[in-house]
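One structure is given below, represented as structure tokens, and several questions about it will come after.
The values are calculated or read from the model by the stated rules, or taken from the named source; none is laboratory data. Treat the numbers as computed from the prediction; the structure is a model and nothing was measured. Using ideal geometry, Cβ is built from the backbone for each residue, glycine included, and neighbour counts are taken over all protein chains shown. Just so you know, the surface numbers come from the protein's heavy atoms only, side chains and all, with ligands and any DNA or RNA stripped out. Shrake-Rupley method; radii C 1.70, N 1.55, O 1.52, S 1.80 Å.
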Amino acid sequence: MSEQPNLIGLAISRNALILGLFAVATAAMLAFTNDRTRDQVACNRQQALEASLHEVLPPSLADNNLLADQIIVTDATLGRGERHIYRARQAGAPSGAVLETVAPDGYGGAIALLVGVTVDGEITGVRVVPPHNETPGLGDKIETRKSDWMLGFNGRSLANTADDGWAVRKDGGDFDAFTGATITPRAVVGAVYRTLNYYRTHSATLFAMPAAAAGSLEHCHE
């Protein structure tokens with residue numbers, strides 16, 4: 001009678017050992033895979049960011065590496081927390097920039113944006129940074145794959161657009177709203193306007209700041 005409990009105990013111990021070994025092997029495999037793919041993931045992120053930067057600032061405006069010439073600022077005008085600014089230069093002279101900014105008052109919450117400007121503050125492009133929580137079929141028209149509404153910022157500046165023009169038409173401004181959705185475009189227009197004002201006020205200082213330290217990903221282009 002005493003042998004059966006011993007056999008059961010041995011079986012349980014053996015199964016526990018097998019499960020333990022399996023867990024260790026799985027953890028080791030995951031760690032190995034993560035280590036092997038870390039660089040590729042970083043490269044993919046860099047390439048996606050570079051593509052986004054080129055969407056809002058034409059490559060012809062810069063002969064430097066925007067990622068290597070970035071700075072980090074903290075200013076409530078651009079949103080809470082740290083924001084990156086990617087500086088463009090030609091022959092060493094400032095030629096433009098791409099600023100990270102946030103519209104905190106979107107219908108579905110904060111909307112992250114990239115705003116490209118020339119050195120004189122003329123907009124070269126504005127894009128939303130996914131993900132966002134704007135209503136599908138209405139507020140998501142801020143995506144260029146859904147509509148060309150964002151292209152309406154191109155060529156705009158504080159010099160050629162009056163202060164009261166930086167609003168949707170419903171509020172007396174120059175920008176169209178979406179049918180059935182006003183909050184989203186209102187938030188984006190406001191954020192772009194604040195970003196242009198920030199850039200005009202701080203541009204000289206921004207281009208004089210030392211570049212932020214960043215890890216080297218030169219092998220991504222090999």
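Estimate the FRET efficiency between LEU138 and HIS54 by the formula 1/(1 + (r/R0)^6), using the beta-carbon distance for r and 35 Å for R0, to the nearest 0.05.
Working from the Cβ atoms, E equals 0.75.
Leaving ligands, DNA and RNA out of it, report the carbon-plus-sulfur percent of the accessible area of the stretch 74-222 at a 1.4 Å probe.
Its accessible area is 51 percent carbon and sulfur atoms.
Further, regarding this structure: Tell me, what is the 1.4 Å probe accessible area of ARG186, in Å² to the nearest 10?
Answer for ARG186: close to 100 Å² accessible.
Also, I was wondering about something else. Taking a quarter of the surface of the Cα convex hull of the stretch 107-222, what do you get in nm²?
That works out to 9.3 nm².
Could you give the length gained by full extension between ASP174 and ALA28, i.e. 0.36 nm per residue of separation minus their alpha carbon distance, to one decimal place?
Roughly 46.7 nm would be gained on extension.
If you don't mind, there's one more thing I want to ask. Quick one: 3J(HN,Hα) in Hz for the stretch 160-165, Karplus 6.51/-1.76/1.60 with θ = phi - 60°, rounded, Gly and Pro as x.
9, 10, 4, 3, 6, x
Return one whole number: the accessible area per residue of the stretch 68-222 in Å², for a 1.4 Å probe.
It amounts to 49 Å² per residue over the stretch 68-222.
I'd like the accessible area for LYS146, computed on protein heavy atoms only with a 1.4 Å probe and all protein chains in place. Round to 10 Å², please.
100 Å²
Okay, moving on. Using only the heavy atoms of the protein chains and a 1.4 Å probe, how would THR144, THR201 rank by accessible area, largest first?
THR201, THR144
Rolling a 1.4 angstrom probe over the protein chains, ignoring ligands and nucleic acids, what is the accessible area of SER60 in square angstrom, nearest 10?
In the full protein context, SER60 sits at about 90 Å².
Using θ = phi - 60° and the Karplus curve 6.51 cos²θ - 1.76 cosθ + 1.60, what whole-Hz ³J(HN,Hα) does each residue of the stretch 93-104 get, with Gly and Pro shown as x?
3J(HN,Hα) across the stretch 93-104, in whole Hz: 8, x, 10, x, 6, 10, 10, 7, 8, 9, 8, x.
Here is a follow-up. Quick one: what are the phi-derived ³J(HN,Hα) couplings along the stretch 137-152, Karplus 6.51/-1.76/1.60 with θ = phi - 60°, whole Hz, x for glycine and proline?
x, 10, x, 6, 6, 6, 7, 5, 7, 9, 7, 9, 4, 4, 5, x
Once the piece of chain linking ARG145 and VAL129 is laid out straight, how much longer is it, given 0.36 nm per residue of separation minus the C-alpha distance between them?
In short, 4.5 nm is gained.
Accessible area, 1.4 Å probe, largest first: how do MET209, MET29, MET150 sort?
MET29, MET209, MET150
Shifting gears a bit: At a Förster radius of 22 Å, what calculated FRET efficiency corresponds to the Cβ-Cβ distance of ASP163 and ALA76, to the nearest 0.05?
It comes out at approximately 0.65.
ASN197 to ASN64: extension gain in nm, 0.36 nm per residue of separation minus the Cα-Cα distance?
That works out to 45.4 nm of additional length.
Given H placed 1.01 Å from N in the peptide plane, which residues other than close sequence neighbours of GLN70 have an amide H under 5 Å from its amide H?
Sorted by chain and number, the residues that satisfy this are ARG87, ALA212.
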